[in-house]
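I have placed the structure first, in the form of structure tokens, so that the comments after it can refer back to it.
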Amino acid sequence: MTVRRSIRYLSKGRVIEVADFAPTATLLDHLRLERRLVGTKEGCAEGDCGACTVALGRLVDGRLVYEPINACIRLLGTVDGCEVVTIEDLAEGGVLHPLQQAMVRRHASQCGFCTPGIVMSLFTLYATPGRHDRDAVIDRLSGNLCRCTGYRPIVDAALEACDARPDQRPDDLFAAHAAATAVALAGLTDAAAVFVGDETRFFAAPHRLDTLADILEACPDATLVAGATDVGLWITKAGRDLPRIVHLGRIAGLDRIEETAEGLSIGATVSLAAAAERLAAWDPDLAHLFRRIGSVQVRASGTLGGNIANGSPIGDSPPALIALDASLELWGGGTLRQIPLERFFLAYGRQDRRPGEIVTRVVVPRLEAHHAFRAYKIAKRHDQDISSVMAALRLTLDGDRITEARLAFGGMAGTPMRAAGAEAALVGASLRSAGGWRPALDALRGDFTPLTDMRASADYRMEAAVGLLGRALAEIAGTPSHKTRVFGLREEVGHDAHA
Amino acid sequence: MTRMPEFPPVAAPRSAVGAPLPHDSAARHVAGAAAYIDDLDEPAGTLHVAPGWCREVTRGRLLKVDLDAVRAHPGVVAVLTAADVPAVNDCSPSIGGDPVFAESEIQFWGQVVFAVVATSRASARAAARLAVFEVEAEKPAITVFDALDRGSDVLPPYEFRKGDAGAAIAAAPCRFADGLAIGGQEHFYLEGQIAFAHPREGDEILVLSSTQHPTEIQHVVARVLGLSDAAIVCECRRMGGGFGGKESQATQWAVIAALAARITGRSVKLRLDRDDDMVMTGKRHDFRVDWRVGTDETGRILGVDVDFLARCGASADLSQGVVDRTMFHADNAYDYPAARIATRRLLTDTVSATAFRGFGGPQGMLFAERMIDAVALRLGRDPLDVRKANFYPSVDAANHGVTPYGQVVDDCVLPDLVAALEQSSDYRARVAAIDAFNASSPILRRGIALTPIKFGISFTLTHLNQAGALVNVYSDGSVTVNHGGTEMGQGLYVKVAQVVAEVFAIPVAQVRITATTTGKVPNTAPTAASSGSDLNGMAAQIAAEEIRDRMAVVVAHLLGGEPRAVTFAGGRARLGDRDLSFADVARQCTLARVSLSATGFYSTPDITWDRAEAHGRPFYYYAYGAACSEVVIDTLTGEMRVLRVDILHDVGRSLNPAIDLGQIEGGFVQGLGWLTTEELVWDSRGRLRTHAPSTYKIPTAFDVPADFRVALWEDGGNRVASVHRSKAVGEPPVMLAISVHSAILRAIASLAPGVVPPLEAPATPEAILAAVRAVKHPVEGAPA
């Protein structure tokens, strides 16, 4: 087995090799403190403000793709094999990038502190082929906070630069060098296991499951990371020292998405963005829900496996996946087992994951013609907020009659959980009149005893959950969603539905 | 009438003032080349500081602090406590009560007890968590009601009276009473608090601080260290946002960094972690308001009686001015024939509330607008009609109104401005369309509101209305300008440069803007109260005119003629048919031994304020504006979306319409956050639970409606001789967002005509649903 004792990334066409770094070193500290590239800012150090956004270039199916990430919580070791583009790289020979020029022309900066991050997020949109409309721009900005401008001029600048037809959009430096960059990135690809440090403190990125097993056997307390969008905060916010970090991102096969007989199989290190792209095609509510998980930056780094494995009671994907009857595959100690996803969450902060075991994939049965699916998220803010209540349901229908109901909720208990009483009340019920489903709304009140916290009170959570179930049933019974929701409409009516 | 937000690129503006020039740092901002303090090179040996505090206790007696583990942590160079303060352990901007380090008492959750100085930021922060505290905990007072129970006021109660409000209400045909809780707001400047102190010659210290008030930093550092003001220089090139949060709240960090530099003899940087920043620094005041009003049958107000309970936190800080400004704006745009406006300034065991864009005004105005809405809903009238019936008379009316504090409102442009917006926003037709929509929509409800603002411009602490500037012209004709104002993104620097360029008739690019420093312009006011360009623009203009007048003498001498016949235009000085380039003029002045450096000083004329008598003219003028917002709410979940916003805002004659537009849009969206998504949650133990952007939600791009129409109102100019007849624009637009809250209220009210929904601020989904449920299922015996 080859072991590489450094990481390598591409910067302005140059390979940067780093052989000596702490396992918890973040990309942001590396850029600002080691390389003195101070254009990238730290605003919050928890991946919520976007001031630290840089673009990561990767080869996806041989094509060069740029994605925005939060450098503040991205572990340095995990950018191995990527191109890292920072704000310093955009202007060439003193000439601003077309996007930067548009930002100046539109008066899109005031205090300027969020600006580099915003430019980098929008740069990844500029670098994405095709035209990009207002919704795409707003989504691309979902992880960038600006406290000064009110965003209007930023959105205008982005549209000016990114909404042109591709043949009218001037090639930037990056497009011009894409072929050379792809070659350089391919040159960084190897089949080596990365190990930096010693047995007491290390960053390891095994390339095969058996190597991972060896590491976990020797160090069962090592911290597993994929995108580190959660673990990053243990470091920057909780101040935890994590001496042994194992990155799963290099393990071959874990990043695969496949259609199987059981459904869609999503590998543990598939990013939330990549998973969303596939699931979004199944149902508009899945598209809308995944668009509201974290931000573009978080979805580019964060993985579906991580969103499940960290066991948060308010993780947004588990309720939807539980409603879809997804199962989880775990691997460890040489054995592979598959369990229904809902059984993985044992209690608050406790999951059915044994020492040395990792989540390898999630299998999601496809939605069938006789299924009706809905998913809703309630939060104080539409974009990049953690839900106070999540509701997802899949009804199996026989005409107007409900033959099976899977209702899963987040934020209502210590774990994502199904509403057993309401499900029972729905089976056999008719959708034809509201009277048919009313008992389920009452039953739901008996299914949960939610808590009060800074996101919402127990009372609100219950009322909203009942409201969401009522909304879902009304919609499935035929009420169009422009009469039941203020955003995330299912009809192809765009955002003018209410105007 | 109005100017729309499309600006053609202006290559060479005919005139510097009034041109929509970009922010002076725009190109550097977008390239990541604008340096903030944390970006500056660190001298060899630079040390880093982190504050230490007790996470377990909100209030209590500090018995013992064991710092052994802190000192033993690798990299730690020094640990500072109150015992290390050479002179005065207080960094208050006002009457005291803000210890740099807690001594015997912990007064709120997040109060700094000590500071760690270490060789790296990471080491300092890690060590700061290792202290062991022994504290005798006491039950904290968290809410205004806790403070009332305890009887703790941080400042004396204060009130305005006009006529006999009680009698007027008693005699009124219609009488209404209600109350409202108004939440606070975290500034969330993107650049957190930071200071970088460098020891210099002898006892001198240079402090780089992200501050709106370099003079206060200078003075307080000197006071705490027992040095003369002259030993300290405070400099600030730019802030990554301020919003009032760096008016008094930047001081403590600068003081600690300076103290550490003094003790260690090395350069010392202190940058707060975001969570520490949100826990340790003050926020907008939250309020409980209770009011009674008497009106006639049409909603014309006859008397108002209102009590504001302000939660001021653990010290006075700037609360006197803030809560006074709440009172100054409790009338908003409305002429109350009789009023009693009373305030309590309550001391709670929470971080001291502080300045925030609007400085208390927004809370006063939100009350006024809620009261008007309540009157309209109860009387079944359109709220806009009730608003119009109560406006102060127009600027050209025969008789002007008088505020509850005695100022004559003689510049009111609202009748015209609101009429224009009512028309351009198509208000009446949309009201009808919304009524029709609501009649057939059981789940979703829409609402619309058109609300005005009137905001008083001047510091109400009269002596702060002064500014100084230093203008230097070099012999090649290039110019530097320096003034007391600070740049926090609001575009002050470019506006002042435009004013100076206008005086000399040279391109703005020829005027170099330099960092604000107490070494060049002393004893300045904070950049606050929207006054930055009014005060500093005027001071710079005076300085530039002084130099230009000296130049005219030289030109007249050279070309033969009278100095007053010399004109400056297009980069040249002209006398008769002869002229000289500006650079030639500068060179000739140097040869003629004429000074090309001048200071300018400005103090706002005509303002008076007798606080004891609660009477005077505290404001030089008022800025006006209005917004019309439409929303849709979901009555099952309380979710809300803003559908359209129209704004018409009074900027006098704009110095820079592009900058002003940015202030209006940005201010509106910040106000939108305050009133909708931004909720500060303290638990029952007084711990702030929303101390990071993961839990505290400022607006994102999604929250801003696609249909957002903003226009500048320049018809009115400015009746007073402000700089180029412009009007201040920093704070007023925040309050345009009250239209959103009012529209939400109206959407809820559609469920039960005649009932006033008990909608609190911020209108989170939970607050909206609570108000929906209250009007759908009224509690037996509650007032209808």
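The values are calculated or read from the model by the stated rules, or taken from the named source; none is laboratory data. Here the structure is a predicted model, which is why all the values come from computation and not from measurement. Every residue, glycine as well, gets a Cβ built from its backbone with ideal geometry; the counts of neighbours run over all protein chains shown.
A few remarks follow.
- Close pairs from segment B:227-243: first at negative phi and within 14 Å of chain A (Cβ to nearest Cβ), partner among the β-branched types (Val, Ile, Thr) and not in a loop (DSSP other than H, G, I, E, B), Cβ under 8 Å, at least 6 apart: B:Cys236/B:Thr516; B:Cys236/B:Thr517; B:Arg237/B:Thr516
- Single match in B:Arg161, B:Arg150, B:Arg175 (criterion: in contact with a strand residue (DSSP E or B) (Cβ under 9 Å, 6 or more places away or on another chain) and either without any contact (Cβ under 8 Å) to a residue 12 or more places away in the chain or within 14 Å of chain A (Cβ to nearest Cβ) (or both)): B:Arg150
- Check on A:Arg140, of a type in the set (Lys, Arg) and more than 17 Å from the chain's Cα centre (by Cα): no
- Selection status of B:Asp703, more than 30 Å from B:Glu138 (Cβ to Cβ), in contact with a strand residue (DSSP E or B) (Cβ under 9 Å, 6 or more places away or on another chain), within 7 Å of another protein chain (Cβ to nearest Cβ) and among the acidic types (Asp, Glu): yes
- Any hit, segment B:722-730, residues being out of contact with any helix residue (DSSP H, G or I) (no Cβ under 9 Å at 6 or more places or on another chain), of a type outside the set (A, V, I, L, M) and either more than 9 Å from chain A (Cβ to nearest Cβ) or surrounded by 24 or more Cβ atoms within 10 Å (Cβ to Cβ) (or both): yes
- Subset of segment B:706-718 that is facing another protein chain (nearest Cβ under 9 Å) and over 21 Å from the mean Cα position of the chain (by Cα) - its residue that is nearest to A:Arg381 (Cα to Cα): B:Ala706
- Among strands (runs of 3 or more DSSP E) entirely within segment B:218-296, having at least 3 residues that are more than 17 Å from B:Val112 (Cα to Cα) and either in contact with a helix residue (DSSP H, G or I) (Cβ under 7 Å, 6 or more places away or on another chain) or among the acidic types (Asp, Glu) (or both) singles out B:232-236, B:286-295.
- Test: A:His30 is outside any strand (DSSP E or B) and more than 30 Å from B:His23 (Cβ to Cβ): yes
- The one condition in (1) among the hydrophobic types (A, V, I, L, M, F, W, C); (2) under 22 Å from A:Leu125 (Cβ atoms); (3) at pLDDT 95 or above that A:Val60 fails to fulfil: (3)
- The criterion of being outside any loop (DSSP other than H, G, I, E, B) and either under 28 Å from the mean Cα position of the chain (by Cα) or without any contact (Cβ under 8 Å) to a residue 12 or more places away in the chain (or both) holds for B:Ala83.
- All conditions but one from (1) part of a helix (DSSP H, G or I); (2) in contact with a His (Cβ under 9 Å, 6 or more places away or on another chain); (3) within 14 Å of another protein chain (Cβ to nearest Cβ); (4) over 30 Å from A:Leu473 (Cα atoms) apply to B:Gly489; the one that does not is (1).
- Any hit, segment B:251-266, residues being in contact (Cβ under 8 Å) with a residue 24 or more places away in the chain and within 19 Å of A:Phe113 (Cα to Cα): no
- Within segment A:111-143, the set of residues being within 8 Å of another protein chain (Cβ to nearest Cβ), in contact (Cβ under 8 Å) with a residue 40 or more places away in the chain and under 22 Å from B:Ile659 (Cα atoms) comprises A:Phe113, A:Cys114, A:Pro116.
- Single residue of segment B:424-451 satisfying the filter (part of a helix (DSSP H, G or I) and over 15 Å from B:Asp382 (Cβ atoms)) that is nearest to the other protein chains (Cβ to nearest Cβ): B:Phe437
- Strands (runs of 3 or more DSSP E) wholly inside segment A:367-454 containing at least 2 residues that are buried (at least 19 other Cβ atoms within 10 Å of the Cβ) and within 14 Å of another protein chain (Cβ to nearest Cβ): A:371-378, A:389-398
- Taken together, the criteria place B:Ser739 among residues that are buried (at least 24 other Cβ atoms within 10 Å of the Cβ), more than 11 Å from chain A (Cβ to nearest Cβ) and at pLDDT 95 or above.
- Residue in segment B:654-676 that is surrounded by 22 or more Cβ atoms within 10 Å (Cβ to Cβ), of a type in the set (Ser, Thr, Tyr), within 7 Å of chain A (Cβ to nearest Cβ) and part of a loop (DSSP other than H, G, I, E, B) present: no
- Segment B:535-590 holds strands (runs of 3 or more DSSP E) entirely within its bounds, and those carrying 2 or more residues that are touching a strand residue (DSSP E or B) at 6+ places or on another chain (Cβ under 7 Å) and crowded, with 17+ Cβ neighbours inside 10 Å map to B:572-575, B:578-581.
- Within segment A:144-242, helices (runs of 4 or more DSSP H) holding 1 or more residues that are surrounded by fewer than 16 Cβ atoms within 10 Å (Cβ to Cβ) and modelled with pLDDT of 95 or more: A:178-188
- Residue list for segment A:371-392, restricted to those being more than 24 Å from A:Val137 (Cβ to Cβ) and not polar (S, T, N, Q): A:His371, A:Ala372, A:Phe373, A:Arg374, A:Ala375, A:Tyr376, A:Ile378, A:Val389, A:Met390, A:Ala391, A:Ala392
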